[in-house]
């Protein structure tokens with residue numbers, strides 16, 4: 001029990017004294033999750049809207065596939081992205097393996113089905129009365145689309161938070177595609193895994209605290225925004 | 001387009017849901033600045049028709065002309081001119097102010113006037129702008145929400161205002177205010193009103209014309225007696241019949257199917273104080289006068305007669321009512337020619 005408490009105390013010291021290695025992992029995590037979330041939201045929200053709003057042949061099957069992809073194993077995504085980005089792979093020439101951008105691609109693939117499926121569910125759950133109201137107030141097709149997205153904003157926010165949680169806490173992609181390179185592609189989660197293997201509990205706990213703090217700050221900010229609107 | 005072109009002219013308009021016709025109207029014209037009522041049982045196609053008149057849905061077949069021009073959903077001909085208020089209001093997830101200003105913003109114009117216009121609209125529906133303007137959509141009662149939804153339409157001063165059972169799920173105070181506002185729009189701005197309601201007494205008071213719908217079709221102007229099946233062949237085999245709740249027998253000609261619904265046009269029903277001497281091809285029922293109501297527009301008195309759990313209505317010119325021959329509770333006899341029965 002003592003080593004856990006010692007680890008916690010050392011973790012606070014590491015954070016307070018601005019340990020370079022710790023902050024490098026924090027910076028890498030923030031950068032890579034920002035890239036992957038931006039990509040998954042930019043692609044996922046419009047695709048989710050189209051899937052939820054339109055009726056087309058095979059819609060049910062597409063929904064089932066997207067829903068299934070929500071539980072993609074991170075190691076499988078890591079493996080596939082590795083295969084594409086390795087020097088022998090189809091995208092090898094771009095030199096993205098063992099880079100933060102490479103990890104971001106994998107994490108965006110992980111987050112995309114979550115954003116699409118939950119946005120589609122949010123849009124589908126909108127009442128038919130919304131369309132009737134918008135059209136009867138004089139909205140054009142485009143205004144109906146924008147206003148429907150705005151009306152579904154809480155559902156889309158929930159989709160984003162869900163995807164962010166998955167991106168922030170995944171290890172498999174960061175480890176396999178990033179290679180866990182110190183000062184370069186080491187993220188908080190891969191660092192925790194490594195430090196625990198080395199028996200460096202203090203660093204692991206310190207990084208764990210930062211991870212939780214990031215998750216808390218982001219969630220708190222979104223709740224604040226939601227309550228304000 | 002001529003000066004007297006009706007605001008709506010429908011020809012052969014049909015709307016199908018899963019290949020079942022929900023609306024089937026051969027012809028319908030609605031004059032400009034008129035008040036038209038729409039009555040009919042649930043599922044008779046009223047809301048489907050109103051959604052098409054509001055250009056929210058397009059018909060499966062047929063043409064709807066708006067002021068002589070062909071119009072369809074989102075077309076510039078109608079986008080800012082027709083507005084519909086549904087039975088259950090849907091407010092956008094925004095403040096009351098934002099809900100009412102939404103349509104104004106779509107139309108552009110002077111944004112500095114929005115605040116004044118929103119306050120005026122709130123005042124019309126009897127809500128204080130100071131108290132309600134900043135309220136969120138979820139902080140309103142059902143009646144208040146419906147009034148805000150109406151304010152969001154009134155602020156646009158539409159040429160046509162369509163109300164789909166606007167008072168069905170609100171308190172009496174809100175219902176009264178909604179009715180007054182609709183009439184104000186008609187009187188002050190010349191707005192054409194089309195109102196679906198189960199409150200046919202109110203409709204008969206204010207409407208120039210009341211259309212009755214049944215199974216997607218227009219079956220008359222007023223409250224026609226609808227007789228539901230099943231029908232069984234009579235003893236003579238010449239007619240079909242059905243026993244009413246009080247044991248009386250209703251006779252009809254051979255129906256197209258045993259479950260068909262029969263309508264007896266009210267203008268062919270004859271009312272007597274004594275059992276009539278029947279001519280061949282006629283049938284009578286004994287009933288009791290349930291209600292008398294004045295229709296100021298048409299200058300007629302509507303008489304509702306209950307016979308065996310069935311309501312029949314007919315109209316009598318106001319001047320013929322000077323003598324108190326008819327009063328609620330009086331036993332009467334209604335005679336109809338069997339050949340007049342129409343089937344739906």
Counted residues, the stretch B:98-113 - those being within 14 Å of another protein chain (Cβ to nearest Cβ) and touching a helix residue (DSSP H, G or I) at 6+ places or on another chain (Cβ under 8 Å): 8
Of everything in the stretch A:105-148 that's outside any helix (DSSP H, G or I) and within 12 Å of chain B (Cβ to nearest Cβ), which residue is surrounded by the fewest Cβ atoms within 10 Å (Cβ to Cβ)? A:127
Subset of the stretch B:132-144 (residues that are in a helix (DSSP H, G or I) and modelled with pLDDT under 95): B:137, B:138, B:139, B:142, B:143, B:144
Taking residue A:86 as the residue in question, decide whether it is free of Cβ contacts under 8 Å to residues at least 40 places away in the same chain and in contact with a helix residue (DSSP H, G or I) (Cβ under 7 Å, 6 or more places away or on another chain). yes
Quick one: which of B:70, B:105 is under 17 Å from residue A:151 (Cβ atoms) and surrounded by fewer than 16 Cβ atoms within 10 Å (Cβ to Cβ)? B:105
Would you check if there is a residue in the stretch A:149-159 being without any contact (Cβ under 8 Å) to a residue 12 or more places away in the chain, within 14 Å of chain B (Cβ to nearest Cβ), more than 30 Å from residue A:83 (Cα to Cα) and part of a helix (DSSP H, G or I)? yes
Of all residues in the stretch B:146-156, how many are out of contact with any strand residue (DSSP E or B) (no Cβ under 7 Å at 6 or more places or on another chain) and either at pLDDT 95 or above or away from chain A (no Cβ under 14 Å) (or both)? 6
In the stretch A:73-90, what count of residues is obtained for those that are farther than 16 Å from residue A:104 by Cα and surrounded by 16 or more Cβ atoms within 10 Å (Cβ to Cβ)? 1
Mind checking whether some residue in the stretch B:74-82 is more than 10 Å from every other protein chain (Cβ to nearest Cβ), more than 22 Å from residue B:142 (Cβ to Cβ), crowded, with 21+ Cβ neighbours inside 10 Å and under 19 Å from the mean Cα position of the chain (by Cα)? no
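The values are calculated or read from the model by the stated rules, or taken from the named source; none is laboratory data. Computed from a prediction, not measured in an experiment: that's the story for all the values here. Note that we place each Cβ from the backbone using ideal geometry, even for glycine, and neighbour counts take in every protein chain shown.
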